[in-house]
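Beneath this line is the structure, given in structure tokens, with notes to follow.
The values are calculated or read from the model by the stated rules, or taken from the named source; none is laboratory data. If you're wondering where the values come from, they're calculated on a predicted model, not measured in any experiment. All Cβ positions, even for glycine, are placed from backbone atoms using ideal geometry, and neighbour counts span all protein chains on display.
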Amino acid sequence: MFRFFKRIKEKIKLMNVLEPGDLVWSKMPLSRIELRKIEKEHQVRPYLVVDKSRFFIYAYQSSSKQSDTLNNCQEYKINKFRYKQNKDSYLNLTKVYKIPFYKLKKKHNTLNEVDLKNIQKRLNVNKSDYKLIENIYILEGDVIEYDNQFYYVYSTDNVYIYCFLIFKKYPKTGEIYEKIIIDNKSYYTNFKVKRYFNRKENLNVVNIAYSVEIDEILEQKKGMKQKELSNIQKKEHIKNNNKMSYESGTIFRVGNNKMVYLFKSNNKYYGVNALMYKIKPRVVPIYNIHKSQILGIVPKEDYLKMVECLYLNNVQPLKEISDLYDDLRNMVYS
């Protein structure tokens, strides 16, 4: 009798320390008749805690086998290397189990923030009321709904989410649209209608693409981009010739410093110190630029990060930096 009460006390203690996001080993919450149909070694499984009451936890069941019927939003893979497990495991996010405290065995692990955000996104898609974490992180491959329109996220940074418009049905506009596959569902796009959203906006994720689908969509987008590349290059050439005598992003040696050219204003050239811009983000004139040695050109992606640092630090002149930032984003993420 003493051992029985000791075990009960230990199980209540275990339940009290469990929090949403914890994985706990538990005997399956089934009747004895139902349990007899399951092999004994499989009767105890890990469960993801999402809520609890006085004597129960509410949790999603995990399995070592991937389902043949659940889609990308209904199932989530837990990588074995991330948690030093022997096998990958798969959370079934379609059913919440109510598990009494006496079924619990021991705490298994606590999922990290990345996994919790990815699971929460799927719970939101499934219209679940459970909250593991407040702020999800939208990534490439997500589908968002905004003003009754759907957008596929093809790229992101720390400030913005870059999307193109997609349709569930083929639009009857006379234009040619390509079919893309997201979570084994068909959507249609011409990759032309693009939009970016600030991460601070309240955005609703409604679907999530598999990694292989993300790669396939990227290849389709690249194919479309190649067709327009010659026109883009011509426009950029005209734009650069009209606006400046040096390409924005050119690196000059000025004394002992390396200066990156940003823009020309009132016949003066302005740039930023390539080594000090993170420590002292500021724009300074580049004097005698015609006599300075050209060292090369900063790659567009690195140049964008440099200008983004100035933009986020509200460096003057605000308008010129903001315009340059917008131009670079459109160029890099087009």
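Answer yes or no: is there a residue in region 199-215 that is crowded, with 18+ Cβ neighbours inside 10 Å and assigned to a helix (DSSP H, G or I). Yes, because at least one residue in region 199-215 is crowded, with 18+ Cβ neighbours inside 10 Å and assigned to a helix (DSSP H, G or I). All conditions in (1) at pLDDT 85 or above; (2) aromatic (Phe, Trp, Tyr); (3) touching a helix residue (DSSP H, G or I) at 6+ places or on another chain (Cβ under 8 Å); (4) more than 18 Å from residue 150 (Cβ to Cβ) hold for residue 287, with the sole exception of (3). Against the list (1) crowded, with 16+ Cβ neighbours inside 10 Å; (2) closer than 22 Å to residue 120 by Cα, the condition residue 29 fails is (2). For region 169-187, filtering for residues that are over 17 Å from the mean Cα position of the chain (by Cα) and closer than 19 Å to residue 215 by Cβ leaves 8. Tallying residues that are part of a strand (DSSP E or B) and surrounded by fewer than 20 Cβ atoms within 10 Å (Cβ to Cβ) within region 101-132 yields 6.
Condition first: surrounded by fewer than 17 Cβ atoms within 10 Å (Cβ to Cβ) and either without any contact (Cβ under 8 Å) to a residue 60 or more places away in the chain or at positive phi (or both). Now tell me which residues in region 70-91 satisfy that. Matches in region 70-91: 70, 77, 79, 80, 81, 82, 83, 84, 85, 86, 87, 88. Looking across 334, 292, 265, 322, one residue alone is small (Gly, Ala, Ser), within 26 Å of the chain's Cα centre (by Cα) and modelled with pLDDT of 85 or more. It is 322. Answer yes or no as to whether residue 58 is touching a residue at least 24 places away in the same chain (Cβ under 8 Å) and under 20 Å from residue 123 (Cβ atoms). Considered against the rule, which asks whether it is touching a residue at least 24 places away in the same chain (Cβ under 8 Å) and under 20 Å from residue 123 (Cβ atoms), residue 58 comes out as yes.
The condition of being not in a strand (DSSP E or B), not assigned by TED's automatic domain parsing to the domain that holds residue 196 and not polar (S, T, N, Q) holds for residue 277. All of 111, 104, 132 fail the test of being outside the structural domain of residue 7 (by TED's automatic domain parsing) and more than 30 Å from residue 167 (Cα to Cα), apart from 132.
For region 163-172, the criterion of being in a loop (DSSP other than H, G, I, E, B), of a type in the set (A, V, I, L, M, F, W, C), touching a Lys or Arg at 6+ places or on another chain (Cβ under 6 Å) and more than 12 Å from residue 206 (Cα to Cα) is satisfied by no residue at all. When the residues of region 301-323 are filtered to those that are under 12 Å from residue 263 (Cβ atoms) and touching a helix residue (DSSP H, G or I) at 6+ places or on another chain (Cβ under 8 Å), the one that is surrounded by the most Cβ atoms within 10 Å (Cβ to Cβ) is 307. Of the strands (runs of 3 or more DSSP E) entirely within region 1-100, those holding at least 2 residues that are in contact with an Asp or Glu (Cβ under 7 Å, 6 or more places away or on another chain) occupy 75-78, 89-100. No other residue among 136, 181 is closer than 23 Å to residue 78 by Cβ, touching a helix residue (DSSP H, G or I) at 6+ places or on another chain (Cβ under 8 Å) and outside any helix (DSSP H, G or I) apart from 136. In region 297-319, the residues that are assigned by TED's automatic domain parsing to the domain that holds residue 251 and closer than 18 Å to residue 265 by Cβ reach residues that are β-branched (Val, Ile, Thr) and part of a helix (DSSP H, G or I) with C-beta atoms within less than 6 angstrom, at least six apart or across chains, in these pairs: 310/321; 311/321; 315/321.
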